[in-house]
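**Q** Once you've had a glance at the structure underneath, I'll fire off some questions.
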Amino acid sequence: DAETRTGLTVAIVDDARFMRTLISTVLEEEGFKTLSFGNPVEALEILRKNPTDIILVDYEMPEMNGLEFIEAFNPKECHVPTIMLTTETDVNLAVKAIRLGASDFLNKPFKKDELIRIIKKVDKENRLIKENKRLFEQIQIREKELKRKNDQLFELYSNLEEELKMASEIQKNILPQGYPEVEGFEFAVKYQPSQDIGGDFYDFIELPNGNHAVAFADISGHGIPASLLSTMFKVHLITYSKSEEDPAKLLKILNEEVIESFPDGKFVSLFYFILDKKDRSIKYCKAAQEPALILKKSGEIVELSDEGQVLGLFSEKDFPGVLRFETQKLDLESGDKLFLYTDGINESQNKNDEFYGIDRLKNALKECLNANPEETLTNVYDDLVKFLDGLAVLDDLTLMCIEKK
């Protein structure tokens, strides 16, 4: 199991020497380290001061039974997953153990594979709990830079309705409240998460040299987790975009930050570009984002299909030379429109399970030749609504249109 750590230390608390020896032998053959305790009172005192990775505790012991041990040790508070062993088959006993903080319950006699499976499972669950806790703590620190009260996020757990409402407000504050004033360019954005909050993300950044950068991203997943990760990504983006003016170099930096701070399996696709105030050209770099489209004033549609790896998949430290981010230059003519979109539009399906698709999107854009950016987004979205014929958009959806005047 690639997701299971090796070298875990498992404490075995059982008054039966034979059982302690048997379990130790089985676990050590699988690469685990073990500690054995025949006295639960002694074990409690030692493990409180020096917590281990996982505890196996027998139910039937003199002086202190398994339930009493679990209640006194408080595994949830110590973040040490604890499994209770017993010959009993009473369901109520298992329920009591779980309520007191046990991670799982195993009846004796048990098979070797069953014991190993449960240990791996509770370790994985414990790591996920710790990872989630780490994410929230990071966000609390980083959000001070954005002048927001991140400690309120922890209060949201008690009430789901209040949680979603407050998280939605937080994300609205993360996104730009207006458009930058860049001479020669007009902007429009339509943002619609599939739930109250989502993983799509965009930002306008004024750079120290007076140029403006635009970030258009899609965080993997939906809802609250994706929203929290988009908050973290914005912090990384703001931190490094101010000092690194080359889009390709910036994406390499962001890739390493995503790998370090995001949970396993979470990625970011990104289209990042800089509007040069001097010659009104565009420098851009992509990280697996959907192909941007250019609606030329002639009516021609040009597809920017340059590719780059998704952020958070491969580290340059582990795979030197595998990253292929390249900065490209784009010169728009007056009247040209640059159209960006997340896969919430082209992967939308109607009642016949047909995809909206890139071809229909291009056709909808061609009808917007004389429209301004706001009208362009309205017309494209209306065409999507017509295509869905009453169905909801199931994925996060963000559209952006930039016209060179």
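The values are calculated or read from the model by the stated rules, or taken from the named source; none is laboratory data. Every value quoted in this text rests on a predicted model; they were computed, and no experiment measured them. Neighbour counts run over all protein chains shown; Cβ positions are idealised from the backbone, glycine included. Just the protein is used for accessible areas: all its heavy atoms, side chains included, with ligands, DNA and RNA removed. Shrake-Rupley method; radii C 1.70, N 1.55, O 1.52, S 1.80 Å.
**Q** Here are some residues: E68, E63. Which one is touching a Pro at 6+ places or on another chain (Cβ under 7 Å) and farther than 30 Å from D264 by Cβ?
**A** After ruling out the rest, the residue left standing is E63.
**Q** Tally the residues that are in contact with a strand residue (DSSP E or B) (Cβ under 9 Å, 6 or more places away or on another chain) and either open to solvent by less than 50 Å² (accessible area, probe 1.4 Å) or assigned to a loop (DSSP other than H, G, I, E, B) (or both), restricting the search to the range 114-132.
**A** Summing the residues that are in contact with a strand residue (DSSP E or B) (Cβ under 9 Å, 6 or more places away or on another chain) and either open to solvent by less than 50 Å² (accessible area, probe 1.4 Å) or assigned to a loop (DSSP other than H, G, I, E, B) (or both) in the range 114-132 gives 6.
**Q** Condition (residue is open to solvent by 10 Å² or more (accessible area, probe 1.4 Å), touching a Gly at 6+ places or on another chain (Cβ under 8 Å), within 27 Å of V380 (Cα to Cα) and in a loop (DSSP other than H, G, I, E, B)) applied to the range 252-268: is it met by at least one residue?
**A** Checked against the condition, which is being open to solvent by 10 Å² or more (accessible area, probe 1.4 Å), touching a Gly at 6+ places or on another chain (Cβ under 8 Å), within 27 Å of V380 (Cα to Cα) and in a loop (DSSP other than H, G, I, E, B), the range 252-268 yields no hits at all.
**Q** The conditions are (1) touching a His at 6+ places or on another chain (Cβ under 8 Å); (2) surrounded by 17 or more Cβ atoms within 10 Å (Cβ to Cβ); (3) modelled with pLDDT of 90 or more, and P180 fails exactly one of them. Which is it?
**A** (2) is the only condition that P180 fails.
**Q** (1) aliphatic (A, V, I, L, M); (2) surrounded by 15 or more Cβ atoms within 10 Å (Cβ to Cβ); (3) farther than 21 Å from D15 by Cα; (4) in contact with a strand residue (DSSP E or B) (Cβ under 9 Å, 6 or more places away or on another chain): which one isn't true of L135, the others all being true?
**A** The single condition L135 does not satisfy is (4).
Listed here are the residues, each with its yes/no results for (1) free of Cβ contacts under 8 Å to residues at least 12 places away in the same chain; (2) open to solvent by 20 Å² or more (accessible area, probe 1.4 Å); (3) among the charged types (D, E, K, R); (4) more than 17 Å from K190 (Cα to Cα).
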position: E290; (1), (2), (3), (4): no, yes, yes, no
position: D306; (1), (2), (3), (4): no, yes, yes, yes
position: N346; (1), (2), (3), (4): no, yes, no, no
position: L361; (1), (2), (3), (4): no, no, no, no
position: N370; (1), (2), (3), (4): yes, yes, no, yes
position: Y381; (1), (2), (3), (4): no, yes, no, no
position: V393; (1), (2), (3), (4): no, yes, no, no
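**Q** Polar (S, T, N, Q), in a helix (DSSP H, G or I), more than 25 Å from V214 (Cβ to Cβ) and at pLDDT 95 or above - does that describe any residue in the range 354-376?
**A** yes
**Q** Do you know which residues across the range 9-27 are without any contact (Cβ under 8 Å) to a residue 40 or more places away in the chain and under 38 Å from the mean Cα position of the chain (by Cα)?
**A** Correct list: S24 only.
**Q** Same structure again: Please note which helices (runs of 4 or more DSSP H) are completely contained in the range 57-107 and include at least 3 residues that are within 14 Å of V122 (Cα to Cα) and β-branched (V, I, T).
**A** On the way: elements: 66-73, 75-78, 91-99.
By residue number, no helices (runs of 4 or more DSSP H) qualify.
**Q** Could I ask something else about it? Could you figure out which of (1) under 26 Å from E45 (Cβ atoms); (2) open to solvent by less than 80 Å² (accessible area, probe 1.4 Å) isn't true of E68?
**A** Failed condition: (2).
**Q** In the range 20-56, which residue that is in a helix (DSSP H, G or I) and open to solvent by less than 20 Å² (accessible area, probe 1.4 Å) is farthest from T87 (Cα to Cα)? Working first, answer last.
**A** Our first condition is that a residue be in a helix (DSSP H, G or I); within the range 20-56, this holds for 20-29, 40-49.
Now narrow it down to the ones that are open to solvent by less than 20 Å² (accessible area, probe 1.4 Å): 23-24, 27, 40, 43-44, 47.
Working: I23: 15, S24: 19, L27: 20, P40: 18, A43: 21, L44: 22, L47: 24 Å.
Per the stated criteria, the residue is L47.
**Q** Suppose the filter is within 15 Å of V13 (Cα to Cα), touching a Ser or Thr at 6+ places or on another chain (Cβ under 9 Å), of a type in the set (D, E) and surrounded by fewer than 17 Cβ atoms within 10 Å (Cβ to Cβ); does E60 pass it? Walk me through how you get there before you give the answer.
**A** Details: within 15 Å of V13 (Cα to Cα): yes; touching a Ser or Thr at 6+ places or on another chain (Cβ under 9 Å): yes; of a type in the set (D, E): yes; surrounded by fewer than 17 Cβ atoms within 10 Å (Cβ to Cβ): yes.
So E60 passes the test.
**Q** Taking the residues in the range 283-301 that are more than 16 Å from V268 (Cβ to Cβ) and among the small types (G, A, S) as candidates, determine which candidate is farthest from the chain's Cα centre (by Cα).
**A** Per the stated criteria, the residue is S298.
**Q** Keeping to the range 215-228, report how many residues are under 18 Å from Y272 (Cα atoms) and not aromatic (F, W, Y).
**A** From the range 215-228, those under 18 Å from Y272 (Cα atoms) are 215-220; that's our starting set.
Of the ones still in play, those that are also not aromatic (F, W, Y) are 215, 217-220.
The total comes to 5.
**Q** Also, quick follow-up: Which of the following residues is among the basic types (K, R), at pLDDT 85 or above and not in a helix (DSSP H, G or I): K190, K234?
**A** Details: K234 fails: not in a helix (DSSP H, G or I).
Every option except K190 fails the conditions.
**Q** I want to confirm something. Restricting to the range 308-341 and keeping residues that are of a type in the set (D, E, K, R) and touching a helix residue (DSSP H, G or I) at 6+ places or on another chain (Cβ under 8 Å), which single residue is surrounded by the most Cβ atoms within 10 Å (Cβ to Cβ)? Break it down stepwise before answering.
**A** At the first step, the residues of the range 308-341 found to be of a type in the set (D, E, K, R) are 316-318, 324, 326, 329, 331, 333, 336-337.
Then drop every residue that is not touching a helix residue (DSSP H, G or I) at 6+ places or on another chain (Cβ under 8 Å), which leaves 316-317, 326, 337.
Numbers: E316: 14, K317: 8, E326: 13, K337: 23.
Within the range 308-341, the match that is surrounded by the most Cβ atoms within 10 Å (Cβ to Cβ) is K337.
**Q** While we're on this one: Only one residue in K96, K111, K76 is basic (K, R) and either within 24 Å of N132 (Cα to Cα) or open to solvent by less than 70 Å² (accessible area, probe 1.4 Å) (or both). Which one?
**A** K76
**Q** Report, by residue number, each residue of the range 204-246 that is at positive phi and either within 21 Å of the chain's Cα centre (by Cα) or among the polar types (S, T, N, Q) (or both). Walk me through it before giving the result.
**A** Kept after step one, since they are at positive phi, are these residues of the range 204-246: 210, 221, 223.
Scanning the range 204-246 gives G221, G223.
**Q** Take the residues of the range 199-231 that are hydroxyl-bearing (S, T, Y) and not in a helix (DSSP H, G or I): which is surrounded by the fewest Cβ atoms within 10 Å (Cβ to Cβ)? Give the derivation first.
**A** If we filter the range 199-231 for residues that are hydroxyl-bearing (S, T, Y), which is where we start, we get 202, 220, 227, 230-231.
From what's left, not in a helix (DSSP H, G or I): 202, 220.
Working: Y202: 21, S220: 16.
This residue is S220.
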